[in-house]
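Student: If you scroll down you'll find the structure; I have some questions about it.
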Amino acid sequence: MKTIVNVGMVAVWVACLAGRGAFAAPSEMAVERRIDELIARLTLEEKIGQLCQTNGGQSTEAMSMDKSTEVLDPAFLADVRAGKYGSLLGQRGARNYNILQEAAMAGCGIPLLVGHDMIHSCRTCYPIPLALACAFDEELWERIGAAIAIESLTQGCNWTFAPMIDVARDARWGRIAESAGSDPFLTSRFGAAMIRGLQGDDLADGRHIAACAKHYVAYGAPMGGRDYNAVELSDATLRDVYLPPFRAAVAAGVATVMPAFHSYNDVPCSMNKYLLTDILRGEMGFTGMTISDWAAVGELVRHGVATPGADAAAKALNAGMDMEMVTTHFADGLAEAVAKGTVSEATIDAAVRNVLRLKFRLGLFDRPTLDAAAIERTIDFAAHRALAREAAAKSCVLLKNDGVLPLAAPRVALLGDIATNAWQMQGTWSTFDFSNTTNDTLLAGLVADGVDVAYTEAYTLTGRVDCAAIARACAGADVVVACFGDYLEKSGENNASARIELPGEQLKVVDAVKASGKPLVAVVFGGRPLALPELAEKADAIVMAWNPGGAGGWGVADVLTGAAEPYGRLTTDFPHATGECPKFYSRTTTGRPHVPGERWTTRYNDVPFKSVYPFGHGLAYTTFRYANEAVAVEGAMVVFSVDVTNAGRRKGSELVQVYTHDVLARTVRPRRELKGYQRVELAPGETRRVEIRVPVATLGYTVDKIYRVEPGDFEAWIAPDSDSGKRLTFTL
Ligand code: BGC
């Protein structure tokens, strides 16, 4: 087969994924000169200090506490003045930020990076990333990134450890909540959009902060879905599935990258030169800074590949780690490593250079302190809350609807503990100001939308079900809205689950409501896809609400009432049972592809082959018809087009998706891969021709480390989800 697009085209692809050009720092030469001067005058100890990040000097109390009046420990302040740290982890309030920056400037004259995990939340909490991904809306990611950035500055943070761009295909993995789901193309688009929002066009404009692409790389693929576990995958899969979001992040100018905790190819990412230097800097051209994950340099010792101090520090630094988070092996051992010759001072200088470059990009040398009150005055918090409500509504996925939604019935019975629990609307990285959001429940949202609703708790998600209470509640209602799913504490970091079925006795709730004869609307909360085949069978309507954020109860209510049209589409598959995990639509082909009814084709003998709900699935309150699907190769683009008609009686928004499959390749290829999508809003009866242009450069794959697009036949589908659509063909 002749190669028509080679590795050089990857740059084009990356630019397409990122949606904009590389970061252009102002007067780069001048900055490099100032860095040279600084490095020339720093002692080795001061240089090492720049490579150390501490979480010291902050209160160990809850994140939500007001830090504005907290008094810093004088010993900590003295350490900052002595230049022991290049960076601080955690927010200490804007007042302390200024005190600390002044101390740093008074010492070795280098300001501090202050980083914190503003993942989907700062003072305003937005839906978890897995939810937000379902909106298929890059602009929404960008707007939320910008809103988080400006709120972070008011808290004294100039850096966030976001976005998390780990492709996540295993619902057992708790951190799937923090991901954009199972698809590399989507993760690339949304990650780059978030970076644009957080960083803006100019990191030094006083409204933006540095982003961090994490966790580099393939952290979302631990064996068994168990967090921190080793990752085993081919180099080709690494390059075609797990690296693309990082390439897109680098192309979008991401300031920092965080290597992951796990080992890849039996080498922890934190000391994996192949990943950190050869690929990240060599192949991708990353010129920013790397920061270890929490204590990950120290964990090289527990991995059993380094001894503490000089050895662990040398292994991490020599592989390409610039800064150590929390543990102190750089501080304790780097000078010794230089003395022993296991680390060169040039390697230290290169890392320091990366740290200082970021500080210049952020404008910290010219303006180390910030006027939080002035920034605060420019923030429209009501607009941020409206954005959170909009995002929550757009993140909801209408999985099923037998016509009971939007709510039209006069009297609604609302069931389940989570319906009145504002905390549970938040998400795995909810940070501050929870106190402002205690009215953000589903019950409050329904009331605000004018619904005549009567609430009965009747059950908790994991506890006993009071069937008699359910019967009484149903008796007085025309329709029942019941909450299902799992608590937010069950997803997120180190929350792998060996069971993703609905916990507790929730299926009894389904049966109790069904026994009443009243229609059941299930609202499902949680941070991961769940195995809910029984609910899918018995409920009359299902809305996947995820962890919808601080205005989540209101946003979900908007979808239930029809104040907002359903908008979301799944970015993961919903399996029948945990045992299918990892289950994802873009599985590679097998020699025995599944044929329904045939015995010797790939399958499980106890659950259906198709997902309960596939990637891309999501309904509207109207229906759409596709017609006249067509595909044409036009130079460097493949153009897909289709007539989409709103065949119902309500306006609605359809998400048209394009999937392709390379029919004959050198290696097995995914049965389908998402290559493009477009949303179209249609009035009842309206038809519009939708055109989706897919760069030819994105249709390749990697063999022997080389990405190529090859001529030949392709199959394609223009479809509402990853399991349906009319099969088309085209030839490159
Ligand atoms: C997580 C990171 C996070 C870091 C700092 C770690 O445990 O894996 O995602 O950025 O802590 O809070």
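The values are calculated or read from the model by the stated rules, or taken from the named source; none is laboratory data. Just so it is clear, the structure is predicted and the values come from calculations on it, not from any experiment. Neighbour counts are summed over all protein chains in view; Cβ atoms, including those assigned to glycine, are modelled from backbone coordinates with ideal geometry.
Student: How many residues are within 30 Å of GLN678 (Cβ to Cβ) and either assigned to a loop (DSSP other than H, G, I, E, B) or within 16 Å of the ligand (Cβ to nearest atom) (or both) if we restrict to segment 119-135?
Tutor: 11
Student: Restricting to segment 268-293, count the residues that are touching a Pro at 6+ places or on another chain (Cβ under 8 Å) and over 19 Å from SER87 (Cα atoms).
Tutor: 4
Student: Please go through segment 90-107 and pick out each residue that is buried (at least 24 other Cβ atoms within 10 Å of the Cβ) and within 14 Å of the ligand (Cβ to nearest atom).
Tutor: Correct list: GLN91 only.
Student: When residues of segment 162-197 are filtered for being within 15 Å of the ligand (Cβ to nearest atom), touching a Lys or Arg at 6+ places or on another chain (Cβ under 8 Å) and under 19 Å from ARG499 (Cα atoms), how many remain?
Tutor: 5
Student: Here is a further query. When residues of segment 240-262 are filtered for being within 15 Å of the ligand (Cβ to nearest atom) and farther than 28 Å from ASN158 by Cβ, how many remain?
Tutor: Qualifying residue count for the region: 1.
Student: Only one of these is over 17 Å from PHE286 (Cβ atoms) and out of contact with any His (no Cβ under 9 Å at 6 or more places or on another chain): ALA221, ALA192, ALA180, ALA213. Name it.
Tutor: The unique qualifying residue is ALA180.
Student: State which residue pairs qualify: first residue at positive phi and inside segment 271-282, second residue among the small types (Gly, Ala, Ser) in any location, beta carbons under 9 Å apart, and separation of 6 or more residues or different chains.
Tutor: Partner pairs satisfying both residue conditions: none exist.
Each row is one residue, and each column tells you yes or no for (1) polar (S, T, N, Q); (2) surrounded by fewer than 22 Cβ atoms within 10 Å (Cβ to Cβ); (3) outside any loop (DSSP other than H, G, I, E, B).
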{"residue": "GLY579", "(1), (2), (3)": "no, yes, yes"}
{"residue": "SER611", "(1), (2), (3)": "yes, no, no"}
{"residue": "GLY616", "(1), (2), (3)": "no, no, no"}
{"residue": "ALA627", "(1), (2), (3)": "no, yes, yes"}
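Student: Considering every residue within segment 543-557, establish whether at least one is within 21 Å of PRO406 (Cβ to Cβ) and either outside the structural domain of CYS467 (by TED's automatic domain parsing) or assigned to a loop (DSSP other than H, G, I, E, B) (or both).
Tutor: Yes - at least one qualifying residue is present in segment 543-557.
Student: Checking ILE110 against (1) within 16 Å of the ligand (Cβ to nearest atom); (2) among the β-branched types (Val, Ile, Thr); (3) modelled with pLDDT of 95 or more; (4) in a loop (DSSP other than H, G, I, E, B), only one condition comes out false. Which one?
Tutor: Evaluating ILE110 over (1) within 16 Å of the ligand (Cβ to nearest atom); (2) among the β-branched types (Val, Ile, Thr); (3) modelled with pLDDT of 95 or more; (4) in a loop (DSSP other than H, G, I, E, B) leaves (1) as the failure.
Student: Can you tell me which residue in segment 180-233 is farthest from the chain's Cα centre (by Cα), limited to those that are farther than 23 Å from GLY253 by Cβ and polar (S, T, N, Q)?
Tutor: Checking each candidate, the answer is ASN229.
Student: Moving on. Please work out which one of (1) within 16 Å of the ligand (Cβ to nearest atom); (2) over 27 Å from MET321 (Cα atoms); (3) surrounded by fewer than 24 Cβ atoms within 10 Å (Cβ to Cβ) is the condition ASP205 fails and give its number.
Tutor: Condition not satisfied by ASP205: (1).
Student: A further question follows. Counting just the residues of segment 664-673 that are surrounded by 15 or more Cβ atoms within 10 Å (Cβ to Cβ) and out of contact with any Pro (no Cβ under 9 Å at 6 or more places or on another chain), which one comes out nearest to VAL638 (Cα to Cα)?
Tutor: Only one residue fits best here, namely ARG672.
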